[in-house]
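A short write-up of the structure that comes next.
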Amino acid sequence: MSKFTVKWGILATGGIAETFARDLWPNPECRGVKDIEHKVVAAASSSSAKRAQDFLKEVRGVEGAKAYGSYEELVKDENVDIIYIATPHSHHYQNAMLCLEAGKNVLCEKAFTTNAPQLEALIKKAREKKVFLMEAVWTRYFPLSIYVRDIITSGKIGPVSRTFADLSMHMLPEKTFEDTHRMVNPDLAGGALLDLGIYALTWVFQTLYTTQSDPKPPTVLSTMRKYKLGTDEQTSMLLTFPPTSSRGEAHGIATTGMRTSADPDGKASAGPAIRVQGETGEIQIYHPAFRPTRTKLVLADGTVEDKEWPQPGPGEGSGWKNGFGGTFQPEGEGQGMFWEADECAFALKEGRKEGKYESLEESLVIMKVMDQVREQNGLKYPEKIETLEYPVKL
Ligand SMILES: NC(=O)c1ccc[n+]([C@@H]2O[C@H](COP(=O)([O-])OP(=O)(O)OC[C@H]3O[C@@H](n4cnc5c(N)ncnc54)[C@H](OP(=O)(O)O)[C@@H]3O)[C@@H](O)[C@H]2O)c1
């Protein structure tokens, strides 16, 4: 049987764009996924076609792929089925609207947009154009995340009443980032919340919201420590989820920051970064919240199930490596971004317009929580990146 091939266009040529494009190369069969395959058929840079060509040289299996010097050219390419957007958060609204207006399916990096009204406008446009739209919260598609959600819905740890989740990374901003860097720059929607905090929120949501048949949006209380540029360097959130048909009220404690670490010695001595607590046990997930590879199930009856979740790949001897930010996984081990790409492929194959493990409605609820957290703490970005106007040249 011939496989369903998804033809990808990559919009932006930065760090994560390269990681994602590389992860599309291993044959999906090496992770037990049949019937689909991925192909990068085009990439675009906002600066020059040469930059897009250089980008493609870093990726395997892209022979014949087109290199464009503008995003506008990419969205006109009829050979492209779906566009992966990998610009800073500040640009997602403008870039995604460009793709949707052109009738393209879209996988957009987190945070989806700068604010909830922008996401609402994108969802409306995607529905109007009848195309697929999904937030690239890759972690949700890992087998590890499916296992955790299954544990919760199976009732093994009883009704869950609390989740603690931290994604803090020790990267003292004044030493690590120039003031123009997207992690701290207000013009690029910088700060810990939208970049790292969203993963702490992902764990709170996928354990207290996604797992429920009748989930309800939480209320939120928060506090924020600001960096000298006005963006947040540390944010703590307390979410209260109303009762559902399978549990009572539940609390989510989501924290993020750039001055401390969820795993200070890199050996998990500080314990798990995430704890999902039920009445008869808990499930723990170890740092980092965005790419965890270890879980521990601890039940009140003494059962302990410690599991490792290495990312599959073409294996040793393949000469292939992937990673992010200068850190590479061992030869032949995948980064894990292919799971979300596979979900896009299955959605396109089946004619679905949303991802299976994070609906657009849920992405929107999370975006609304982040809006409230920013409002409670007076973090506003420049109007040109908060606006609903389109098109705006950034
Ligand atoms: N899933 C993950 O694990 C993960 C990890 C890191 C980042 N991310 C997300 O991916 C997005 C990009 O992050 P990144 O680390 O890849 O950023 P990056 O290395 O700075 O790359 C961003 C790219 O966006 C394009 N761009 C367009 N206008 C820009 C502007 N005004 N300033 C800066 N770049 C501009 C540039 O490529 P061209 O102009 O050449 O197109 C640039 O290379 C963010 O939303 C981030 O949250 C996700």
ask   = Would the range 140-153 turn up any residue that is within 16 Å of the ligand (Cβ to nearest atom) and either touching an Asp or Glu at 6+ places or on another chain (Cβ under 7 Å) or more than 19 Å from Trp309 (Cβ to Cβ) (or both)?
value = yes
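Could you tell me whether any residue of the range 311-320 is in contact with a strand residue (DSSP E or B) (Cβ under 6 Å, 6 or more places away or on another chain) and modelled with pLDDT of 95 or more?
Taking every residue of the range 311-320 in turn, none turns out to be in contact with a strand residue (DSSP E or B) (Cβ under 6 Å, 6 or more places away or on another chain) and modelled with pLDDT of 95 or more.
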task = Scan the range 133-169 for residues that are in a loop (DSSP other than H, G, I, E, B) and under 19 Å from Val298 (Cα atoms) and jot them down.
result = Gly155, Lys156, Ile157, Gly158, Pro159
note = When every residue in the range 237-264 that is more than 25 Å from the chain's Cα centre (by Cα) and among the charged types (D, E, K, R) is compared, the one farthest from the ligand (Cβ to nearest atom) is Glu249
request  = State yes or no: is Arg22 over 22 Å from Ala96 (Cβ atoms), within 21 Å of the chain's Cα centre (by Cα), surrounded by 21 or more Cβ atoms within 10 Å (Cβ to Cβ) and not hydrophobic (A, V, I, L, M, F, W, C)?
outcome  = yes
note = If we ask which residues in the range 122-143 are touching a residue at least 60 places away in the same chain (Cβ under 8 Å) and over 24 Å from Ala17 (Cβ atoms), their number turns out to be 3
task = Would you be able to say whether some residue in the range 325-340 is assigned to a loop (DSSP other than H, G, I, E, B), crowded, with 19+ Cβ neighbours inside 10 Å, acidic (Asp, Glu) and not assigned by TED's automatic domain parsing to the domain that holds Lys226?
result = yes
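Just checking, which of Glu343, Glu358, Glu389 is over 18 Å from Asp195 (Cα atoms), within 16 Å of the ligand (Cβ to nearest atom) and either modelled with pLDDT of 95 or more or part of a helix (DSSP H, G or I) (or both)?
Working: Glu358 fails: over 18 Å from Asp195 (Cα atoms); Glu389 fails: within 16 Å of the ligand (Cβ to nearest atom).
Glu343 is the lone residue from the list that is over 18 Å from Asp195 (Cα atoms), within 16 Å of the ligand (Cβ to nearest atom) and either modelled with pLDDT of 95 or more or part of a helix (DSSP H, G or I) (or both).
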query = So which pairs qualify, if the first residue must be in the range 1-28 and in the same structural domain as Leu74 (by TED's automatic domain parsing), the second must be of a type in the set (Asp, Glu) and within 16 Å of the ligand (Cβ to nearest atom), the Cβ gap must be under 7 Å, and the two must be at least 6 apart or on different chains?
reply = Gly9/Asp77; Ile16/Glu109; Glu18/Glu58; Pro28/Asp342
query = If we keep just the residues of the range 183-236 that are among the β-branched types (Val, Ile, Thr) and assigned to a strand (DSSP E or B), which is farthest from Met171 (Cα to Cα)?
reply = Thr219
task = State yes or no: is Ala273 farther than 24 Å from His251 by Cβ and out of contact with any helix residue (DSSP H, G or I) (no Cβ under 7 Å at 6 or more places or on another chain)?
result = no
query = Out of all the residues in the range 276-319, which are more than 24 Å from Val204 (Cβ to Cβ) and in contact with a helix residue (DSSP H, G or I) (Cβ under 7 Å, 6 or more places away or on another chain)?
reply = Pro312, Gly313, Pro314
ask   = Do you know which residues across the range 30-39 are aliphatic (A, V, I, L, M) and out of contact with any Lys or Arg (no Cβ under 8 Å at 6 or more places or on another chain)?
value = Val33
message = Quick check on my filter: what residues within the range 35-51 are in a helix (DSSP H, G or I) and more than 7 Å from the ligand (Cβ to nearest atom)?
response = Ala49, Lys50
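The values are calculated or read from the model by the stated rules, or taken from the named source; none is laboratory data. Since the structure is predicted, the reported quantities are computational estimates derived from the model, not experimental observations. Methodologically, a virtual Cβ is constructed for each residue, glycine included, from the backbone with ideal geometry; neighbour enumeration extends over all protein chains shown.
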